[in-house]
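Structure first, then comments.
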Amino acid sequence: MSKPEIGLFVYGTLISPKVCDRVLDRVPEGYEAVLNGYRRFSLSGRLYPAIKPDPDGAVRGRVILVYASEISKLDYFEADEYLRREEKVLEVESGEERTVQVYVGRQFIYHDMNGEWDFEEFEREHLVAFLGDTEEHLNHEDGGNAVSE
């Protein structure tokens, strides 16, 4: 199999290898990175976060390396609450700037944003339930419906 060709910056549930495995049927390689100019928020009534532009913000996450053929699965997983766009991140270890894809919260969910989202809390308290919900969501896959810019 060829090497993955797309870097995808993840900052929420997809940081978890278990979530990646559930969505992609594998755990992608990757590296730690920082996305400047954005801020991560919890979303009311949801177990996952979103980001929105904030000139003073910085979001720490991970870049996972995915195949072009996996993008439709990821678009479906992220659904219509997010837009996938190209941004630049800084690789933590090398300090190099890299161009990647990232899912950014759409404006219609901004009113649901409240406070910081905590990955460790998610993993400790919500991961098992989220994996079950994800399995149900993916079993209803209709080819994807996220919008790409």
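Where a number appears in this text, it was derived from the coordinates with a stated rule and is not lab data. Remember, predicted model here, so these are calculated numbers, not experimental data. When we count neighbours, we look across all protein chains shown, and the Cβ atoms used for this are built from the backbone with ideal geometry, even at glycine.
Points worth noting:
- What the phi angles of segment 108-123 give under the Karplus curve with 6.51, -1.76 and 1.60, with θ = phi - 60°, is a coupling list of 5, 9, 4, 5, 8, 7, 7, x, 6, 9, 10, 4, 4, 5, 4, 5 Hz, glycine and proline written as x.
- A straight line joining the Cα centroids of segment 36-96 and segment 6-26 runs 11 Å.
- Segment 35-110: relative contact order as a whole-number percent, Cα under 8 Å and 6+ apart: 28
- Cβ-Cβ FRET estimate between Glu120 and Ser44, R0 fixed at 22 Å, reported to 0.05: 0.65
- Taken about its Cα centre, the chain carries a charge dipole of about 180 debye when Lys and Arg each add +1 at the Cβ and Asp and Glu each add -1 at the Cβ.
- From its DSSP helices (H runs of at least four residues, each -39,500 (n - 2.57)), the chain gives a residue-normalised ellipticity at 222 nm of -7000 deg cm²/dmol.
- Linear extension gain, Phe108 paired with Arg85, 0.36 nm per residue minus alpha-carbon span: 6.6 nm
- The distance between label points at Ala68 and Asp56 comes to 4.2 nm (points 7 Å beyond Cα on the Cα→Cβ vector).
- Stretchable slack from Val92 to Arg26, in nm (0.36 nm times residue separation minus alpha-carbon distance): 21.4 nm
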